[in-house]
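The values are calculated or read from the model by the stated rules, or taken from the named source; none is laboratory data. Just so we're clear, the structure is a prediction, and the values are computed from it rather than from any experiment. Neighbour counts are summed over all protein chains in view; Cβ atoms, including those assigned to glycine, are modelled from backbone coordinates with ideal geometry. Only protein heavy atoms, including side chains, enter the accessible area calculation; ligands, DNA and RNA are left aside. Shrake-Rupley method; radii C 1.70, N 1.55, O 1.52, S 1.80 Å.
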Amino acid sequence: MRRRESRATGWRTGRSTSGYSFVELLVVTTILLILASAVMPLARVAIQRQREVELHRALREIRTAIDKYKDAVDQGRIGGTDVKVGSEGYPPSLETLVEGVTPLNDATGRKLKFLRRVPIDPMTRDAEWGLRAYQDDADTTSWGGGNVFDVYSKSQGTALDGTKYRDWN
């Protein structure tokens, strides 16, 4: 089949066009924008959920280390100058859990360490945690000092379930 040229325009008639028209590209772009706008809130929720999981893990890690320190004091493996009177057997700081303490009756110089490092709070992106002493009230936001009985996030944010991050147990 022979193609004919139009005399007026110089365009070939009867040929198949390859490519997309401007309207088709505009429709596809609009559809992609609508889909992307629907996915963005889901992505934000997924990121927040992941950070909440990391917060739970960090709180559990620190609290487990505090409990192991307290157990070591109660079992008599730590004592002497490492345990202060009135501390109830809790560590004086989170750094003590990282730096370690010398066990009683151990001349080797090794230290009992309870944390490799103080975890980063994923909500504040900082290694600073709110601290509570054994003598403090359960809902206090100021540390009385002396020992570290509990930790909490300093974030003022609200979780997906509606609770405040600083109130997480």
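Quick look at the numbers
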{"quantity": "Percent of C-alpha pairs per 5 Å bin, the stretch 15-69, short to long", "calculated": "4, 15, 10, 10, 10, 8, 8, 7, 6, 6, 5, 4, 3, 2, 1, 1, 0"}
{"quantity": "Accessible area expressed per residue, the chain, with surrounding protein chains retained (probe 1.4 Å, Å²)", "calculated": "71"}
{"quantity": "For Lys164, distant residues with modelled amide H under 5 Å away", "calculated": "Ala159"}
{"quantity": "Compactness index (Cα Rg / 2.2 N^0.38 Å), the chain", "calculated": "2.03"}
{"quantity": "Charge context of Tyr165, other residues only, Cβ under 9 angstrom, K/R +1, D/E -1", "calculated": "0"}
{"quantity": "Proximal charge balance of Gly144 [Cβ under 15 Å; K/R count +1, D/E count -1]", "calculated": "-3"}
{"quantity": "Proximal lysines to Lys111, defined as alpha-carbon separation beneath 24 angstrom and excluding residues fewer than eight positions away on the same chain", "calculated": "Lys68, Lys70, Lys84"}
{"quantity": "Computed [θ] at 222 nm, helices only, for the chain once each DSSP H run of length n ≥ 4 contributes -39500 (n - 2.57)", "calculated": "-12500 deg cm²/dmol"}
{"quantity": "Accessible surface, 1.4 Å probe, highest first, among residues Phe22, Phe114, Phe149", "calculated": "Phe22, Phe149, Phe114"}
{"quantity": "Length-normalised contact order of the chain in % [C-alpha pairs under 8 Å, at least 6 apart]", "calculated": "16"}
{"quantity": "The chain, accessible surface, carbon-and-sulfur percent (1.4 angstrom probe)", "calculated": "53"}
{"quantity": "Solvent accessible area, Å² - Val85, 1.4 Å probe, full protein context", "calculated": "150"}
{"quantity": "Surface accessible to a 1.4 Å probe, Glu99 within the full protein complex, Å²", "calculated": "120"}
{"quantity": "Tilt relative to the chain, helix 22-74 - C-alpha long axis, 0 to 90 degrees, to 10", "calculated": "10"}
{"quantity": "The stretch 64-147: relative contact order in percent, alpha carbon pairs under 8 Å with at least 6 residues between", "calculated": "25"}
{"quantity": "The stretch 16-56 and the stretch 141-169: distance between their alpha carbon centers, rounded to Å", "calculated": "36"}
